[in-house]
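Structure, as structure tokens:
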Amino acid sequence: MAFSQESIAKLNKHFKGIDPQEIISWAITNAKTPVVTTNFRPYEVAILHAVTDIDNSIPVIWCDTGYNTSNTYKHAEELIARLELNVKLFVPKQTAAHRDAVMGIPQIDDSQHAIFTEQVKLEPFRRAMEEHKPDVWFTNLRKGQTAHRDSLDVLSLSKDGVLKVSPFYYWSDTQLDAYLNERNLPNEHKYFDPTKVLENRECGLHT
């Protein structure tokens, strides 16, 4: 599936205000190898539910840094079982215990921070994308999360030309809370990303 920036812009105008599942259905119909990525952070359950409610065979790529909280791991297991997620797990090549012994978790101004981010997040993600070679990538990016994400839209192209589909892009936390409450879906707020110091700092996967 190939789209020009002009055609994406037109589609984004059409999709603004459209029900997320209608957007997802359109993307799945036009996809050959769709995936959804998750880290089971707050509100991830919305995109996981919305996508798998239409097709629960879609691979769910989980790049686990190894530093998640016990709450997040329990939340992940609950969603995997409840939504029957087709999880494809990717982890760093080095264990967290080994890395803690030789590096720890570097601060943002530490020269080792880039190496740490490469090891726990970027390399596993590249490996996942190379293995699955998606043409459509479902994400739960939303406007207002980071400066970079504010420059995106419901549809955008990754640097590798993969069509990123963010059906909840214009939704607020209040709207997502209502979505979860209506469907009796759990949320998880005790999430930890070891590569980010501030909540509004871009994680690196979407730049």
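The values are calculated or read from the model by the stated rules, or taken from the named source; none is laboratory data. Fair warning: this is a prediction, and the values are worked out from it, not measured in the lab. Because the Cβ atoms are built from the backbone with ideal geometry, glycine has one as well, and the counts that use them run over all protein chains shown. To get the accessible areas, we keep the full protein, side chains included, count just its heavy atoms, and leave off ligands, DNA and RNA. Shrake-Rupley method; radii C 1.70, N 1.55, O 1.52, S 1.80 Å.
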Subset of the range 143-155 that is surrounded by fewer than 22 Cβ atoms within 10 Å (Cβ to Cβ) and touching a Phe, Trp or Tyr at 6+ places or on another chain (Cβ under 9 Å) - its residue that is modelled with the lowest pLDDT: Arg149
Output for the range 170-199, where each listed residue is within 20 Å of Thr139 (Cβ to Cβ) and among the hydroxyl-bearing types (Ser, Thr, Tyr): Tyr170, Ser172, Tyr179, Tyr191, Thr195
Does the range 58-70 hold any residues that are in a loop (DSSP other than H, G, I, E, B) and aromatic (Phe, Trp, Tyr), and which are they? Tyr67
State whether the residues of the range 71-88 include one that is surrounded by 19 or more Cβ atoms within 10 Å (Cβ to Cβ), at positive phi and in a loop (DSSP other than H, G, I, E, B). no
If you check Val136, Val162, which single one turns out to be touching an Asp or Glu at 6+ places or on another chain (Cβ under 7 Å) and open to solvent by less than 50 Å² (accessible area, probe 1.4 Å)? Val162
All positions within the range 117-133 that are surrounded by 19 or more Cβ atoms within 10 Å (Cβ to Cβ) and among the basic types (Lys, Arg): Lys121
Candidate set: the range 25-57, residues that are β-branched (Val, Ile, Thr), part of a helix (DSSP H, G or I) and within 15 Å of the chain's Cα centre (by Cα); chosen: the one nearest to Asp153 (Cα to Cα): Ile47
Determine which single condition Pro92 fails, assuming it passes every other condition in (1) of a type outside the set (Lys, Arg); (2) without any contact (Cβ under 8 Å) to a residue 60 or more places away in the chain; (3) open to solvent by 50 Å² or more (accessible area, probe 1.4 Å); (4) more than 19 Å from Asn56 (Cα to Cα). (3)
Taking the range 176-196 as the region of interest, how many residues are surrounded by 12 or more Cβ atoms within 10 Å (Cβ to Cβ), without any contact (Cβ under 8 Å) to a residue 12 or more places away in the chain and farther than 17 Å from Phe40 by Cα? 1
Scan of the range 7-33 for residues that are touching a residue at least 12 places away in the same chain (Cβ under 8 Å) and under 29 Å from Lys190 (Cα atoms), ordered by number: Pro20, Gln21, Ile24
Selection within the range 22-38 - at pLDDT 95 or above and not hydroxyl-bearing (Ser, Thr, Tyr): Glu22, Ile23, Ile24, Trp26, Ala27, Ile28, Ala31, Lys32, Pro34, Val35, Val36
Within the bounds of the range 97-116, is there any residue that is over 19 Å from Ala46 (Cα atoms), in contact with a Lys or Arg (Cβ under 9 Å, 6 or more places away or on another chain) and open to solvent by less than 20 Å² (accessible area, probe 1.4 Å)? yes
